[in-house]
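Q: Dropping the structure in here first, questions after.
The values are calculated or read from the model by the stated rules, or taken from the named source; none is laboratory data. Being a predicted model, the structure only gives us computed values, none of them experimental. Quick reminder, even Gly has a Cβ in these numbers, built from the backbone with ideal geometry, and neighbours come from all protein chains shown.
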Amino acid sequence: MSAAFSPLEQMVVVLARDLADGELGAAGAAALVPMAAIALARELHAPNMTVGGEMFFNPEPGHLYPSMLDDRALGRCEAAETFIELFGHSHHGLDFFFHSGLQHDAYGNINLHHVGGTLHAPKMRGPGAANLSYCHTSTRFYICPTVHTARNFVEKVDFITIPGHLSGPEAKRAAGLTKEGPRFVVTPRAVMDFDPATLRMRLKSVHAGHTAEEVQRHTGFDLGIRGDVPQTPAPTEEELTVLRERVDKTGTLRI
């Protein structure tokens with residue numbers, strides 16, 4: 001058993017374990033947890049992973065930043081490109097990508113546009129999203145919000161910015177979405193995956209210190225809990241050591 005760890009460190013470790021050597025992927029804009037997961041995977045088991053698809057390739061920022069839109073997050077990198085080049089090749093897709101939003105629903109659809117009201121007269125306006133091609137050209141993506149409440153996990157999003165599984169297998173096929181789509185939803189409370197038959201989100205494991213009942217209470221739709229739910233495997237001593245000494249030297253994730 002490893003020493004004490006934070007919810008964000010648990011999230012990073014869960015995501016890093018699922019990334020494979022030789023893959024090409026990107027962290028997205030709000031990239032604190034995703035970038036740490038990519039860096040940890042490269043340190044431990046995926047040295048030949050390529051980070052690309054966001055105007056730079058294989059950056060070495062020195063320490064973590066909340067957003068990859070911060071120029072300091074680029075640090076040193078092997079190559080850089082313009083938006084024109086990025087949009088020009090993004091239709092080829094990536095092996096993996098990361099997303100989060102204002103709302104996430106039972107089928108992994110994500111809303112970054114507005115909550116309440118209408119698109120043109122919302123109660124709250126979101127940032128929207130740029131270059132949505134990655135959401136349907138990449139082989140898979142992960143959803144990793146750093147907050148998990150019934151306010152941001154809702155039965156149906158107010159607006160679909162990033163399609164997950166829409167309303168299930170038939171809707172997904174009809175829309176021409178042929179990729180895997182969202183694989184895991186990783187939050188500070190738990191890990192969710194998707195039922196292969198219905199493509200609805202379900203509870204896969206709960207993090208240490210949390211319960212299935214608690215996670216369900218903070219989720220605005222049925223998570224399909226049947227029987228005992230396992231605990232998420234904790235970070236190992238090696239994973240924590242590498243994460244803290246090589247990836248997150250300033251302790252940004254230890255909150």
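Q: Looking at Gly108, Gly116, Gly28, Gly62, which is the one that is at pLDDT 85 or above and either assigned to a loop (DSSP other than H, G, I, E, B) or closer than 24 Å to Lys249 by Cβ (or both)? Break it down stepwise before answering.
A: On the way: Gly116 fails: either assigned to a loop (DSSP other than H, G, I, E, B) or closer than 24 Å to Lys249 by Cβ (or both); Gly28 fails: at pLDDT 85 or above; Gly62 fails: at pLDDT 85 or above.
So the residue among Gly108, Gly116, Gly28, Gly62 that is at pLDDT 85 or above and either assigned to a loop (DSSP other than H, G, I, E, B) or closer than 24 Å to Lys249 by Cβ (or both) is Gly108.
Q: Turning to a different aspect of this structure: With the requirement that a residue be in contact (Cβ under 8 Å) with a residue 60 or more places away in the chain and among the hydrophobic types (A, V, I, L, M, F, W, C), what does region 1-19 give you? Reasoning before the result, please.
A: So the first thing to find is which residues in region 1-19 are in contact (Cβ under 8 Å) with a residue 60 or more places away in the chain, and the list is 1-3, 5-16, 18-19.
Correct list: Met1, Ala3, Phe5, Leu8, Met11, Val12, Val13, Val14, Leu15, Ala16, Leu19.
Q: Moving to a separate point now. Keeping to region 131-180, report how many residues are surrounded by 15 or more Cβ atoms within 10 Å (Cβ to Cβ), of a type outside the set (Phe, Trp, Tyr), in contact with a Lys or Arg (Cβ under 8 Å, 6 or more places away or on another chain) and closer than 30 Å to Ile255 by Cα.
A: Residues meeting the conditions: 2.
Q: When you scan region 151-159, do you find a residue that is closer than 28 Å to Glu23 by Cα and out of contact with any Asp or Glu (no Cβ under 8 Å at 6 or more places or on another chain), even just one?
A: Applying the first criterion (closer than 28 Å to Glu23 by Cα) to region 151-159 yields none.
Checking region 151-159: not a single residue is closer than 28 Å to Glu23 by Cα and out of contact with any Asp or Glu (no Cβ under 8 Å at 6 or more places or on another chain).
Q: Taking region 39-55 as the region of interest, how many residues are outside any loop (DSSP other than H, G, I, E, B) and either modelled with pLDDT of 95 or more or surrounded by fewer than 21 Cβ atoms within 10 Å (Cβ to Cβ) (or both)? Outline the logic, then answer.
A: As a first pass, look at region 39-55 and keep what is outside any loop (DSSP other than H, G, I, E, B): 39-44, 50-51.
Filter once more, keeping what is either modelled with pLDDT of 95 or more or surrounded by fewer than 21 Cβ atoms within 10 Å (Cβ to Cβ) (or both): 40-44, 50.
Qualifying residue count for the region: 6.
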